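See structure below.
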Amino acid sequence: SPFVKDRKVTIIDRYDHQNLGVECLRLSNNLRINLKKTDFEKNRILVHLAIGNGLVELKDSPYPGIQYLLSSSFISGGLKQCDQQTLNRIFDGKLISLDFDVDVNGYCFKALTDRENFRQQMELIGAYMVEPGYREEGLSEFRKCLPTWYEKFAKTPEGIFKDKVTPFLTLNDPRFTYPTQAVLLERTFEEARKLLAPVFAKHYMELTLVGDFDRNEVIDVLTDTLGRLD
């Protein structure tokens, strides 16, 4: 388990946003939690966990385009203990999912789960924070996709917008534009590790849950999982 089992976890701060119907909590490891109960879809829970500053801190990154490697292949890089295919077999038939994106204001894990699988969903996210695999197959998958990406940039309206219009609108800001294919081919998981390791180790986490959940149940799970991360 990636979690420190003998650590006492407590709620040290709590308040309600009455207008939004959101309850905000802070645990003793500085995990910030936002809870928004809805009845839009029965037994479905949307999960959003943000860490660090995302694209904001990549302004002068020595690894141009690293955000595209992370967003497309960090999850497919698996864990230290098992690859992505093994994880798929473990969670086959369960409503457990996981995406990773580099957003403007954070490095974000995003998932859709349900009450029955909420604990395992949190355990999976915690494992990716503590023991990401950065396996070669994830990097290979990323590199294989690049020719298709750049072909779309040249031949589709959406691609032309990304390749031509976005650079114009952002004054060629490298955080929002694509470098040449050759530059993206230079990106490595070792660079990704150097970038993310200090983020996962030092930055506070902000978790937002939206959906049909039992408030006390999710808090119990969170104090026993993500609340036990350093």
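Couple of notes before you dig in:
- Residues located in the stretch 177-199, provided they are of a type in the set (K, R) and open to solvent by 30 Å² or more (accessible area, probe 1.4 Å): R193, K194
- Residue match in the stretch 90-98 (condition: surrounded by fewer than 17 Cβ atoms within 10 Å (Cβ to Cβ), modelled with pLDDT of 95 or more and touching a Lys or Arg at 6+ places or on another chain (Cβ under 9 Å)): yes
- Reported count of residues in the stretch 124-134, each being surrounded by 18 or more Cβ atoms within 10 Å (Cβ to Cβ) and in contact with a Phe, Trp or Tyr (Cβ under 8 Å, 6 or more places away or on another chain), is 7.
- Inter-residue pairs, beta-carbon under 9 Å, first more than 12 Å from Y68 (Cβ to Cβ) and in the stretch 180-207, second open to solvent by 50 Å² or more (accessible area, probe 1.4 Å) and of a type in the set (V, I, T), 6+ apart: F200/V130
- Residue within the stretch 73-85 that is open to solvent by 70 Å² or more (accessible area, probe 1.4 Å), acidic (D, E) and on the phi < 0 side of the Ramachandran plot present: no
- Condition met for L169 (at pLDDT below 95 and of a type in the set (A, V, I, L, M)): yes
- Across the stretch 210-222, the qualifying residues are those that are within 20 Å of the chain's Cα centre (by Cα) and buried (at least 21 other Cβ atoms within 10 Å of the Cβ), and the one among them that is nearest to G21 (Cα to Cα) is G211.
- Restricting attention to the stretch 16-30, the residues being surrounded by fewer than 16 Cβ atoms within 10 Å (Cβ to Cβ) and in contact (Cβ under 8 Å) with a residue 24 or more places away in the chain number 2.
- Of all residues in the stretch 142-176 being under 18 Å from E186 (Cα atoms) and among the charged types (D, E, K, R), the one that is surrounded by the most Cβ atoms within 10 Å (Cβ to Cβ): R175
- Of D39, D101, D13, D60, all but one fail to be among the charged types (D, E, K, R) and open to solvent by less than 60 Å² (accessible area, probe 1.4 Å); the exception is D101.
- Of all residue pairs spaced 6 or more apart or on separate chains, none has beta-carbon atoms under 8 Å together with a first member in the stretch 31-58 that is touching a residue at least 60 places away in the same chain (Cβ under 8 Å) and under 23 Å from N19 (Cα atoms) and a second member that is open to solvent by 80 Å² or more (accessible area, probe 1.4 Å) and outside any loop (DSSP other than H, G, I, E, B).
The values are calculated or read from the model by the stated rules, or taken from the named source; none is laboratory data. Since the model is a prediction, treat every value here as computed from it, not as a measurement. All Cβ positions, even for glycine, are placed from backbone atoms using ideal geometry, and neighbour counts span all protein chains on display. Just so you know, the surface numbers come from the protein's heavy atoms only, side chains and all, with ligands and any DNA or RNA stripped out. Shrake-Rupley method; radii C 1.70, N 1.55, O 1.52, S 1.80 Å.
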